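Following: one structure in structure tokens, then a few remarks.
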Amino acid sequence: MNSIVNDLRFALQRKALVNVYQLNQNVVYTGYVNIIDELGIVLTTFDDSGIEDGAVYLTFEAIEFVEFDSDDLDSMRFRIENAQQSHFVSYGKLTSAFNLKRPLIRQVLENAMVNESTIMVVERDSDKFYEGQVTRISDYDVDFQVFNKFDLHDKPKLTFDFADILLVEFEGKELTLQTVAMGVFENMPPVTTHQVESQTGIQEALQHAFETNALVSLNPKADEGMFFVGRVNTLTNDMVLVNLVDMAGQFGGYWLTKLSAIQQVITRSDYLQVVETFISINQRVGVTKQPGLNDERLFDPTTDLFSMILGQSVALRRIVRIQLHDDQSITGYLSRLDDKQFIFHQVEEGMIIDPLGTMFEIADVDEVAFDYMDAQLLEKELRNQGEL
């Protein structure tokens, strides 16, 4: 524990960018230590695009180790600088100020209650996280009104002891949107989720979504825990191309998939209502996408879209993410393509790890994601290094 505290104090003193790894959690926070007290820290955090994304209060006992030097941090330094130079839009910057006169956890929770802000809380000995608002604070505990964006019926009121709170996320992009929209959500009627799983039902649902420009959620067969949200751009008898929307309601790139690779399509749910609300807010303030992304591409449904998209990767050295029929998901670029096969060069953590390339069959590709932020940043980083 002492070594972790010493590392964090060193990071604060040197204003060093760090990765903070959690015990028993896969989430890694990247950012700068803002302040430290006897129990924990406030860390200003950044998302994968290098955009400042609020902050997190972490107790020391929630931290496994602190990383100062890695390829990932080198990549994040590049992305943070690029986000500033490219004027990426951020409405999740840390605005609260803290001092050492009172425990940091109290200041975080009191600020959230006064500002009626949405925060995310994780308890000790629990793998659950709760989003919602603080409604009462005492000397020892806090009352919390849960907001479940996946189930608007689920509105429990919980009480957390200060001693049991491991971390609190606050003032991030999505949490800021939830705060702005909470009045809408409180009056939003929950809906019964409607989903289809048969191939005929999926085709019909996507056709209707295309005709009505409706938002849908799609679950691929390759990963049961994964889902994509977006609007249908192009639809054929055997594939669909979707304009993706990220968790904050902004454009998230394009996703092309075979219909046979889709497990289910959800056409109505509480979560879709929530994302639609985020989209509406973004449209009103003019931040529907980040600079450099193009959400207006049109595609010809009479062409072989897989060959066309893969061909662009060859011609322009564009980064794409492909999902193969054997459930292998890889990110990289193509160097050669013919009618049946292509050579693919895998990229991981900003490095080309397969310079000679591997041969794959076009027929084995079930999904292709392209023109999304992470792909563009990987391209830029590799080009700056002279590797692409």
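For the range 148-174, a residue qualifies if it is outside any helix (DSSP H, G or I), within 20 Å of D270 (Cα to Cα) and open to solvent by 30 Å² or more (accessible area, probe 1.4 Å), and the qualifying residues are N148, F150, D151, H153, D154, K155, P156, K157. Scan the range 8-26 for residues that are under 22 Å from I165 (Cα atoms) and either open to solvent by 20 Å² or more (accessible area, probe 1.4 Å) or at pLDDT below 95 (or both) and the total you get is 7. Restricting Q195, Q207 to those that are touching a residue at least 40 places away in the same chain (Cβ under 8 Å) and of a type outside the set (A, V, I, L, M) reduces the list to Q195.
Among residues of the range 128-147 being touching a helix residue (DSSP H, G or I) at 6+ places or on another chain (Cβ under 8 Å) and open to solvent by 20 Å² or more (accessible area, probe 1.4 Å), the one that is nearest to E116 (Cα to Cα) is Q133.
The residues of the range 238-271 that are farther than 26 Å from L310 by Cβ, open to solvent by 10 Å² or more (accessible area, probe 1.4 Å) and in a helix (DSSP H, G or I) amount to a single one, Y271.
Screening the candidates G292, G311 for the property of being touching a helix residue (DSSP H, G or I) at 6+ places or on another chain (Cβ under 8 Å) and either part of a loop (DSSP other than H, G, I, E, B) or surrounded by fewer than 19 Cβ atoms within 10 Å (Cβ to Cβ) (or both) yields one hit, G292.
Would you confirm, using the coordinates I've provided, whether Y29 is surrounded by fewer than 19 Cβ atoms within 10 Å (Cβ to Cβ) and either not assigned by the TED database to the domain that holds F88 or not aliphatic (A, V, I, L, M) (or both)? So Y29 does not fit the description; no. Residues satisfying the criterion are present in the range 345-365 (criterion: more than 25 Å from the chain's Cα centre (by Cα), surrounded by fewer than 20 Cβ atoms within 10 Å (Cβ to Cβ), of a type in the set (D, E) and in a helix (DSSP H, G or I)). Would you call A83 within 21 Å of Y372 (Cβ to Cβ) and open to solvent by less than 20 Å² (accessible area, probe 1.4 Å)? Taking the combined requirement at face value, the residue satisfies it. Selection of the range 357-388 for residues being among the aliphatic types (A, V, I, L, M) and touching a strand residue (DSSP E or B) at 6+ places or on another chain (Cβ under 8 Å) yields M359, I362, V365, V368, A369, M373, A375, L378, L382, L388. Take the residues of the range 201-222 that are β-branched (V, I, T) and assigned to a helix (DSSP H, G or I): which is surrounded by the fewest Cβ atoms within 10 Å (Cβ to Cβ)? Filtering the range 201-222 for residues that are β-branched (V, I, T) and assigned to a helix (DSSP H, G or I), the one surrounded by the fewest Cβ atoms within 10 Å (Cβ to Cβ) comes out as T212. Screening V196 with (1) over 20 Å from the mean Cα position of the chain (by Cα); (2) surrounded by 19 or more Cβ atoms within 10 Å (Cβ to Cβ); (3) over 23 Å from D154 (Cβ atoms) gives one miss only, at (2). For Q323, the criteria (1) part of a loop (DSSP other than H, G, I, E, B); (2) under 21 Å from the mean Cα position of the chain (by Cα); (3) not hydrophobic (A, V, I, L, M, F, W, C) hold in every case but one, which is (1).
In the range 100-114, the qualifying residues are those that are in a loop (DSSP other than H, G, I, E, B) and without any contact (Cβ under 8 Å) to a residue 24 or more places away in the chain, and the one that is surrounded by the most Cβ atoms within 10 Å (Cβ to Cβ) is R102. When you go through K221, K155 one by one, which is the residue that is under 22 Å from A261 (Cα atoms), of a type in the set (K, R) and out of contact with any Gly (no Cβ under 8 Å at 6 or more places or on another chain)? The conditions single out K221. Applying a threshold of 7 Å to beta carbon distances and a minimum spacing of six or more residues, or different chains, the list of pairs starting in the range 150-161 at a residue that is more than 17 Å from M120 (Cβ to Cβ) and ending at one that is open to solvent by 80 Å² or more (accessible area, probe 1.4 Å) reads D161/Y140.
Take the residues in the range 327-340 that are open to solvent by 60 Å² or more (accessible area, probe 1.4 Å) and not in a loop (DSSP other than H, G, I, E, B), then tell me which one is nearest to S70 (Cα to Cα). Restricting to residues being open to solvent by 60 Å² or more (accessible area, probe 1.4 Å) and not in a loop (DSSP other than H, G, I, E, B), the top hit is S329.
The values are calculated or read from the model by the stated rules, or taken from the named source; none is laboratory data. These numbers come from a predicted model, not from an experiment. In this analysis, Cβ positions are derived from the backbone assuming ideal geometry, glycine residues included, and neighbour counts consider all displayed protein chains. What goes into the accessible areas is simple: the full protein's heavy atoms, side chains included, and nothing from ligands, DNA or RNA. Shrake-Rupley method; radii C 1.70, N 1.55, O 1.52, S 1.80 Å.
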